[in-house]
Every structure is written in C-alpha cells, then in structure tokens.
Amino acid sequence: MSKYLVTSALPYANGKLHIGHLAGAYLPADIYVRFLKLCENEVIYVCGTDEHGAPISIRAEVEGKTPQEIVEFYHQNILDSFTAVDIEFDNFSGTARAEHHKLSQEFFTELLSAHKVTTKTTKQAYCEHDNRFLPDRYVEGDCPHCGAAGARGDQCDACGKLIDANLLINPICKICGHTPVIKDTKHWFLDLPAFADELKEWLENKPNWKDNVKRFILSWIEEGLIERAITRDINWGVPVPLEEGADKVLYVWFDAPIGYISSTIEWAKKIGKPDVWKEYWFDENTKLIHFIGKDNIPFHAIIWPAILMGQSKKYVLPWDIPANEYLNLEGDKISTSRDYAVWVEDFVKDFDSDLLRFVLAANAPESKDADFSWKDFQNLVNNSLSNVLGNLANRVFAFAQKNLSATVQRPKEPNRLITQDFIDSVYNDYSEFRVRKVTKAIFDFARDGNKYFNDQEPWVTIKTDISTTQDVIFYCADLLRVISIILFPIMPKSMKRLRMMMKMNETGFGWKDIWQVPEVIEIGEFERLFRKIEDAEIDEQIKRLEGKVKNS
C-alpha cells in the first residue's frame, strides 16, 4: 500500500470558518483521506492555523487585544467548526509554537548558507501618522493590473495577480486611513530564479495535475520568476535569526507551509514516536498532497518546492496539488469583511453537518467557480437525499420488517445491481479528486435501486412468490450496504446510521468489504435517514443574508 501525507492550507487565525473555506481546501481533503483509509492505505492528515502575519496583527489592533489572544481564540473557534462538520485531522497545530519557530529559523539559515538568499534595500510604504513601516496587507488601494478597488498590498482578489504594494493606485494605510510615503528598508529575499531550471524539470513530470493548476504555474514560469522577500517589518511572527535582522520577522508566506512539517513533528510526539515524522518527509515514496484554494497555487507549486529544494536534507516534494476554485454565495462573492457568508458554526445550529458535506461535494468547485444557494441546498437535500436514498432505505426496511420478519437471506445469484465497472469508476474518481462525479454516480446508483424496487413490485409478488420477493429485498438491502461504504467519505455520520439500521458494524469496514456479501441482512430499528427541509427554514436563511447585504 502507498504512504500518503495529506495537508490542507493553513487557515488564518483571524476569523471564523465559512462554507467557502470548507469547499476549497478542507472537505475535499477530508473526503480523500477517508477514502484512502477505507482502502487501508497508510495516511496522515495534518493542518493547523496560520498564526503570523499582518492579518493577525490587524485583527489584534482592531479588537484591542494582543496577537496571541487573537490566535488562541480563533484557533479554537476554527477547530470547533472543523469538528462540527466531521473534518478529522491526525494533527491540528499552529504556527505560533516554539517547535515551528525553531524549524522555520532552521529553514531560513539553510537557505542563507546555500547562498539562495540575497539582501537588498527596498522601498516600502511608511505611515508617518503611525510612525511605522507598513507590511503589504497594511496597505490597500486600486489594483495596478485591473483597477479593482480594495486590492491588498500583496494580491488582488479580483484578478488574482500578485501585487507590489508600492504600485497600488491611491494607497491608504489600513490602520489610520492616511496616505503612506515610500521609504528605504533592508530585507532578505529568496533567490527564486536560482531554482528555475530545477523547478521546471520537476514540474514537467507532473502529468496528473489538474489543468487549472498547470495553467497557473506555466504562466508564472513563462513570465519569469522573481526574487521574493522572506522578511518584513512587523513585530509579530518568527524572529529573523540574525543580529542585523533582529527588528524583523520571517514573512508569513515563508513560514506557513513549514507548518505542515512542524505539525507532523507534533503528531509524532503525541503518538509517542518522536522520529516517525521522518518516515514521511524524507521518504521519496511518500505521496505528499496539498489541498488548497486557487489563490495558493503559486506558493505551493513554485515557492514552497523551491524552499524544500534549498535544504541540505532531502525533503519529499509535493506529489499533487489539487487546487479548487472559489465557492460563491447566491451568485455573489463571499465577503468576510461584509459578513456576507454562511458561517460553519451558524450552519450546524440549524442543519445536520452531513447535509452540508453532501451539498458541497455535489457542487464542488473543482475546475470552475461554483455557487451555493439556499434554494439549491433545499432541492438537493429533498430531491436526492430524502426522495432517493432516504426513500429507498425506508421502503426496503419497512417492507422487510412487515413481510419478512426483518431478515433476508443471500440469494444464490450475485447482485446484478452492483457491478465491478461501477465500483471501479467510483474508486478511480475518488482517487483523482473528482468528488462531484462520485456524488452523482452514487445517487444515480440509488435511483437504480428505487427503479428496481418499483419494477419488481415486491408488494405484489409477496402474495405468490416469497422466495423471489426475498431475493429482491436482499438485492436492495445489499445495494444500501454498498452505499454505506462508498458514500462514507462524504457523509460519515449518515452512513454509520445506515449501517446501524442493518445491524452492521459502525466502524472497521473498508473498501474490500464491498464484495464481502453477508449471508444474512437483518433490519433493526430504523428511522428516515434524511428529513425534508421546509420552505420556512430556507426563507429564514435567505432573510438573514439579505439583512447582511443591507447592513454592509
């Protein structure tokens, strides 16, 4: 079996988790990891909060707190939201921890020793009102590329291009609103062009990568790589391990991905095997997979691999980077600053978490932006979950209890509803991160079960042919058994409930069990798997969103 190390982009510990976050980097990773574990692969899933950088400092200043207080609050808030929707990490760490600081400083020192870091005096925005240099995210203005307002000093969310903060049009200090001036400051830079040939050779051997990722990377290479600042003038972050840089910290883009390694180290210590992390990060056979949003593609596909290449120890490089596009909300862009979002902690107060997992999987933004709307959510839950899968389970179980003493024997003939081709196609789609296709295929499978139940008319044949009727009900129940396995990565709680209704183990089942057809399927206590979502519930959610728009 292969060995996998799966990560999701570290969420900033300066705000809550919304459904767009889940759809991009976290739910797809959790689904993939659960699938790998079903197939008995060796896999660990690590993540943590990104706890440095300007967003943390800005939030702290706005709320009148210390950065550490902000980090601790949002780390727990984010972790609670992940837990509420059954995102299961093997370790969830944070970058404001001693182990991470030490490792990040070692990475910087290694690059410096390898002459892959340069120094230069640069011009940077300086706020004379606040008497401070302004890191890129402390400056906002109009994008010099597309003209969009509200572009940050590091990137424009409208066009996705990276920005030199000094080129912003009509720049302002984000803290006080005054116009900054430009002053000289010394910084350390990653000599990214020095890695160009090695990166190109490495990238050319990635035929399996998603088209949107490859296109993004190729455009970067074609435009030419430039040196990237590793340090910045700010007082919150990993201190630069140099006497002349004592007033600076490492840039958050540099230390954040190192958090994947420090989180793995933390995991190893927690399980009592402090050196086992090396079996993942220094084994060339490890498949390192980074789940991210499209805005993180250049950092994970070019800059992060270069940082790893610059170390004296031979770290494993990313095997795949299945970046997803954005999830919009009711046709508009999710905006945390305007509170225009569906927050995870709010969603789970009103609806079961598996419903969100299902809808986001069915509408995953895998190759293009997707949209979440409350009406679509209602339709998908009612028409696919309740009317198809829930209805099939309810009909089969009710019939078995009423007419067959809640027990059906395995027929002599194999279940023709379940084919090797179908199982193989689901397996391949999971393996290649095609969650939308998997979801559709499984529910088409459930529809076939409903059609078969209808066509066979067991309510008629029970009067004259009990043996045939038992076979029909067994085939339908067996189809549900298979669904409880193949849909488990997407809807773990619901599939455990489904298995309980058939008196099967809630845990300990795997992909190989698909073909381990039981001699008997016994129906226990059951209830409807999925309730229908009422119009009034959806109307209330839409009103909340409309209220946010009016108040923004």
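A Cβ-based charge dipole, computed about the Cα centre of the stretch 57-152 with Lys and Arg at +1 and Asp and Glu at -1, lands at about 560 debye. Given +1 at the Cβ of Lys and Arg, -1 at the Cβ of Asp and Glu and no other charges, the dipole of the chain around its Cα centre is 660 debye to the nearest 20. In summary, the helical segments of the chain meeting the span-like criteria, namely a full DSSP H run, a Cα extent along the axis of 27 angstrom or more and a mean Kyte-Doolittle hydropathy of at least 0.5, are 466-486.
Take the chain with all the other protein chains still there, run a 1.4 Å probe, and you get 43 Å² of accessible area per residue. In this view, the solvent-accessible surface of Leu112, computed with a 1.4 Å probe and all protein chains in place, comes to about 50 Å². Partner aspartates and glutamates whose Cα lies under 12 Å from the Cα of Lys368, excluding those fewer than 8 positions away in the same chain, are identified as Asp211, Glu325.
Annotation for the stretch 420-454 versus the stretch 463-488: alpha-carbon center distance of 17 Å.
Taking Cα centre as origin and charging only the Cβ of basic (Lys, Arg, +1) and acidic (Asp, Glu, -1) residues, the dipole magnitude of the stretch 260-351 rounds to 520 debye. Projecting the Cα atoms of Cys476, Gln155, Ile292 onto the charge dipole of the chain, computed from C-beta unit charges around the Cα centre, puts Cys476 farthest toward the positive end. Helices in the chain, meaning DSSP H runs of at least 4 residues, each add -39500 (n - 2.57). Divided by all residues, the mean residue ellipticity at 222 nm is -12500 deg cm²/dmol. Just list whichever of Lys65/Lys294; Lys3/Lys314; Lys161/Lys333; Lys16/Lys174 have alpha carbons separated by over 23 Å in the model shown. Correct reply: Lys65/Lys294.
Which whole-number percent gives the relative contact order of the stretch 182-246, counting Cα pairs below 8 Å spaced six or more residues apart? Relative CO of the stretch 182-246 lands at 53 percent.
Rounded, prolate or oblate: which one fits the stretch 164-229, using the alpha carbon gyration tensor with axes a ≥ b ≥ c (rounded when a/c is under 1.5, else prolate when a/b beats b/c, else oblate)? List each step's numbers first, then the result.
Values: a/c = 3.86, a/b = 2.06, b/c = 1.88.
Here the stretch 164-229 falls in the prolate category.
Mind checking which of Ile321, Val344, Ile334 is farthest towards the positive end of the stretch 308-357's charge dipole, using Cβ charges of +1 (Lys, Arg) and -1 (Asp, Glu) about the Cα centre? About the Cα centre, the residue reaching furthest to the positive side is Ile321.
For the chain, leaving out every one of the GluC sites (Glu not before Pro) that falls in a DSSP loop and has at most 16 other Cβ atoms within 10 Å, the longest unbroken run is 285-431. The antiparallel fraction among DSSP beta bridges confined to the stretch 1-150 stands at about 15%.
Evaluated over the stretch 458-516, the count of Lys pairs having alpha-carbon atoms less than 25 Å apart is 4 (only pairs 8 or more residues apart or interchain). Based on Cα contacts under 8 Å between residues 6+ apart, the chain shows a relative contact order of 16 percent.
For the chain, with all protein chains in place and a probe radius of 1.4 Å, 48% of the accessible heavy-atom surface sits on carbon or sulfur. Of the beta bridges in the chain, as assigned by DSSP with both residues counted there, near 60 percent are antiparallel.
The values are calculated or read from the model by the stated rules, or taken from the named source; none is laboratory data. Note that the coordinates shown come from a computational prediction; the quantities given were computed from them, not determined experimentally. No Cβ is skipped: glycine too gets one built from the backbone with ideal geometry, and neighbour counts run over all protein chains shown. These area figures cover heavy atoms from the full protein model, side chains too; ligands, DNA and RNA do not enter into them. Shrake-Rupley method; radii C 1.70, N 1.55, O 1.52, S 1.80 Å.
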